[in-house]
Amino acid sequence: MEPVIAIVGRPNVGKSTLFNRLTRSREALVDDRPGVTRDRLYAHVRYDGRSFSLIDTGGFEHTSNDPLAQKIQTQIMSAIKEADGIIFVVDGRQGILPLEQDIARMLRPYEKKVYVAANKIDGPELENLAPEFYALGFSNLFPISAAHGYGVRALLAKILDDLPETRPAEDEPDIIKVAVVGKPNVGKSSLINRILGSERLVVSELPGTTRDSVDTNFEWKGIQYSFIDTAGIRRRTRVKEKIEKFSVIKALKSLQRCHVACVLIDATDGVTEQDARICGYALERGKAIIIVINKWDLVKHDKAKKGELQRSLDRQLGFLSFAPKVKTSALTGEGVVGLFAQINNVYSEFSKSVKTAEVNRVLKEIILRHPPAVVGNKRPGFSYATQVDTRPPTFVVFVNRPEWIQSAYERYLLNQFRSQLGFTLTPIRIILKRKRTNKGTRPARTRM
């Protein structure tokens, strides 16, 4: 297992900016307001042939009666216990504040390597500000600028020099990446916590608690999964704060890198326009989709509410007739085992390949049963078809006049391919392509 380094510090000292610098990414949200990072955020750092896992954390704050603030502090302590080393970020220009002295006292009993990163030291002319931080009691002090990169290489080199040698995994198993998406406060983090059996993610009744997309890897019955908890996707007109806009972007990017999108629906609300829009986002990106009807325990004994829920599913999500629907309760754990079964089934189809001979046999049967419409006095001629990709399964169908194929017939081909080739649980794509022929010859046309 890779070593783990945690980044800690009070709010607004540049922790997430340093995280982005070390990972060469924009994985953490960065804003000039305190308290932006709430959950633990993981990434891999690779440098000079070495690697480790890096954790960005929320900002330490003075004792608060706010339940959410207390949970954030619990997450920070969990990250510190998990880590092999600590990057303690301070504001090099402000000097030592009382809260940083408290953090230092808290870190000492863990007897872990602590690297004090005096941030916002933008060049050699400001390095004289850094020695003050030796008073925190740690010998590894580095004046850095997370925003501009000054001094970061020296910090990274020291961390790598102190880390134990690790052997990379030779055959990393295939990981099923599952994005848990939905509107705010629908129970995404609660469901993942129920799956993991731990308070891995911050859970609160306040909407908008999760702002970053957080990956959690685990194994169940010999299968590797990576669950991505995402910020709730709000309606565009309601995304007013800049940080909320970035969170929506990150949620959409999480859809881009997942295999299976579990779209959570609040059973007590039914399917809203926003739920349908989120499903549309997932479908546009070609992802396998599972409709997870959460909070089922609140409606399952109410016949009227169940009827309303079913009508909203039929009305709003008719375009996802292939997507499995799983009823769950993050509170009680009901339906979680069934959710895993459906994830496995959907992923299997999502990754499935069909031999070209079988694809063409099915294409021939489809066209013989219902040929395309005649245009003028001619009918479009199909040559052959082949599967060119998986995740999602993608087929190219060669035809002499793609522009003659009506959208209704294209939908017919799509539905027939799905049912006859065994893709009943996942979206597929069909690309109609003009068959290339040698110059001076007529397009090839095969009777089917």
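Each of Leu313, Leu255, Leu298 has some number of other Cβ atoms within 10 Å of its Cβ, and from fewest to most they run Leu298, Leu313, Leu255. Of all DSSP bridge pairs formed entirely within the stretch 4-162, close to 25 percent run antiparallel.
Per-residue Cβ neighbour counts within 10 Å put Phe319, Phe133 in the sequence Phe319, Phe133, beginning with the fewest.
Counting neighbouring Cβ atoms within 10 Å and putting the fewest first, the residues Val4, Val271, Val292 line up as Val4, Val271, Val292.
Over all other residues within a Cβ to Cβ distance under 11 Å of Asn119, the charged ones net out to +2, with Lys and Arg as +1 and Asp and Glu as -1.
Within the set Lys177/Lys287; Lys177/Lys221; Lys183/Lys303, which residue pairs have Cα atoms separated by over 19 Å? Violating the 19 Å Cα-Cα cut-off are Lys183/Lys303. For the stretch 356-434, the calculated P(r) over all alpha carbon pairs, in 10 Å bins from 0 to the bin holding the longest distance, is 18, 57, 22, 3 percent. Once you order the gyration tensor axes a ≥ b ≥ c over the Cα atoms, which shape class does the stretch 4-162 get: rounded for a/c under 1.5, otherwise prolate or oblate by comparing a/b with b/c? Verdict is rounded for the stretch 4-162.
The numbers here are math on the coordinates, done by the rules we state, and not lab data. Keep in mind it's a predicted model, so treat the numbers as computed, not measured. Here Cβ is always computed from backbone atoms with ideal geometry, including for glycine, and neighbour counts include all displayed protein chains.
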